[in-house]
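**Student:** Before anything else, here's the structure in question.
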Amino acid sequence: MAEGWLQSRFNKMSRWFAGDEPRAPQEHAQAEHHREPSLIETADFSNLTLEEVLRREPGALAVTLHIITLRAFKEVVAAEWARYARNVELICDGVFRRHLEVQHVYSLHGDDTFILSFAGLSETEATRRAAVIANELMHRLVGNRFLGAQIQVGTIDRDAVVTESGALNLAAIEDAVAAAQPVPLDDPGTGRRAAGPGGPDGSWQPLAKGASPLAGLRTAQPGAGREEPGEPRWQTLTWPPDGRRGAALVKALPPAAQEGLPVGVALRFRPTFAARWGRVTHYHCLPMRQETDGRLVLGAAVLGPHAPAAHRAALDLAVLNGALTELQTAVEDRRSAEVIVPVAFATLHAPYFAALVVILHAFADALRLRYLTLELMDVPAAASAAHLVGAVRSLSADCRDILVRVDPYDSDLQRFHGLPVRALGAVLPAPADEARRMAETALAALDGAHTYWWNVQSDVERRALIGAGGLLINGPCIGADCPQLMGERDLAPAP
């Protein structure tokens, strides 16, 4: 259909240029003073591939094409690239569409490289635009965990892209990709503040030598303006959300799910250590409430005993909305990190799932696909392996990763085996050694290379779990809970 549309536009252009459609004298006179844009200048090529435009009208492309390649990033990610390739493509698509105009074209070359045409822009502006896009992709995809994996930019002549037979010249494209160079974030004119997270000098630069930011988790970074030294100010969770969006969100929910949360429920963020990167890269989002006797309760316990399912679903939705709202603010403040939001298995069913999707889609795709991990928990005994696969697939398009929490006492652990998720995990009891051994044995039997562990008490235990295949770990050995996201951090030195 796109080819037919393009052919009709070019047929009309050819008649115009050949003089088959002469203009009236008054039109000619007007053109002397005010020339209307030609069809070639206004044709929308944004939904066509490079190959389609080359086949129909190569003159619609810029003389110099720009290359943006993620090849160095792909090499660092290595075996995990296949898991993330689709999400990477979606994030790149969103970034390109924000910066490209209707005359511009971008095409995917392989699974890690893009070729762009900035028709109508000067060479200087086209180069600047490519650098801005590369910088935003660095923020969205790479961050400061992949040192040496900068996204690279290069150019290639339009006439070199095709062979004499009209086919793509793959060898010439590969040579141009190999010659591409990283664009430093702080180069003049690159739009260093174009998008999102990262420090003011480039989010992929290493932290200052000797820095241990986790030591100050209870004090906000300079400029955050939301917390003073001392006792943290926890963010109160509200449900339903304020405004018309909140009213529309809960309209289809049963009355019990529309009720407000108990007084004093707040949101806390638990720093979570990623074994692969050797630092805190995630924050686990948990609701909390302080009892009259001073005790803190976390998770679904904030609702009190015997809370109905509708109240639990409302709590899940409130935590998700609060976590994404804080994440959005953190990105703007350049203190972002990945967040893990628990969601009960029951919340993925009608009538709650529709509200969950509405909340997810109220935030940008790039935000969710770059920073959001959902943790599926409270899986009932009646849920089969097929039910679990369906639940995972219903969430996978709207977040970066999925975790599934396993009850070590479950009578049918095999239904969790082989799920297409980042990891299976459990909360370690303290200090019940027998329960700990059971949890470790249960998860090792499922997939010991892909596990996560909450409530890890000591650094010795942390190292042992990493050696046994633990990917994500949080608990007292990692750091204190905080009232807001504090960015990616190195661990504080052990006392």
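**Student:** From largest accessible area down, sort 441, 113; use a 1.4 Å probe on the protein chains. Present the calculation step by step, with values, prior to reporting the outcome.
**Tutor:** Details: 441 95, 113 0 Å².
Output order, biggest surface exposure first: 441, 113.
**Student:** Also, quick follow-up: Calculate the length of the line joining the C-alpha centroid of the stretch 233-259 to that of the stretch 371-401, in whole Å.
**Tutor:** Comparing the Cα centres of the stretch 233-259 and the stretch 371-401, I get a distance of 23 Å.
**Student:** Rounded if a/c is under 1.5, else prolate if a/b beats b/c, else oblate: with a ≥ b ≥ c from the C-alpha gyration tensor eigenvalues square-rooted, which is the stretch 269-411? Display every interim value, and only then the final one.
**Tutor:** Working: a/c = 1.39, a/b = 1.14, b/c = 1.22.
It comes out rounded by the Cα gyration axes.
**Student:** Of the accessible area of the stretch 404-495, with the probe set at 1.4 angstrom, what percent is carbon plus sulfur? The partial results should precede the final answer.
**Tutor:** Values: 2310 of 4020 Å².
Its accessible area is 58 percent carbon and sulfur atoms.
**Student:** For the stretch 348-495, rounded, prolate or oblate, judged on the Cα gyration tensor with a ≥ b ≥ c (square roots of eigenvalues), a/c < 1.5 rounded, else prolate if a/b > b/c? Walk me through the numbers on the way to the answer.
**Tutor:** Working: a/c = 2.12, a/b = 1.19, b/c = 1.79.
Note, shape of the stretch 348-495 comes out oblate.
**Student:** Please list 306-312, 119-125 highest first by mean number of surrounding beta-carbon atoms within 10 Å per residue.
**Tutor:** 306-312, 119-125
**Student:** Another question about this same structure. Given a 1.4 Å probe and heavy atoms of the protein chains only, how would you sort 295, 289, 370, largest accessible area at the top?
**Tutor:** Working: 295 130, 289 40, 370 10 Å².
The residues order as 295, 289, 370, largest area first.
**Student:** Calculate what fraction, in whole %, of the accessible area of the stretch 250-384 sits on carbon and sulfur atoms when a 1.4 Å probe is rolled over the protein chains.
**Tutor:** Details: 2840 of 4880 Å².
Carbon and sulfur together cover 58 percent of it.
The values are calculated or read from the model by the stated rules, or taken from the named source; none is laboratory data. It should be emphasised that the depicted structure is a prediction, and the values quoted were computed from it without experimental measurement. When we count neighbours, we look across all protein chains shown, and the Cβ atoms used for this are built from the backbone with ideal geometry, even at glycine. Protein only, heavy atoms only, side chains kept; ligands, DNA and RNA dropped before computing areas. Shrake-Rupley method; radii C 1.70, N 1.55, O 1.52, S 1.80 Å.
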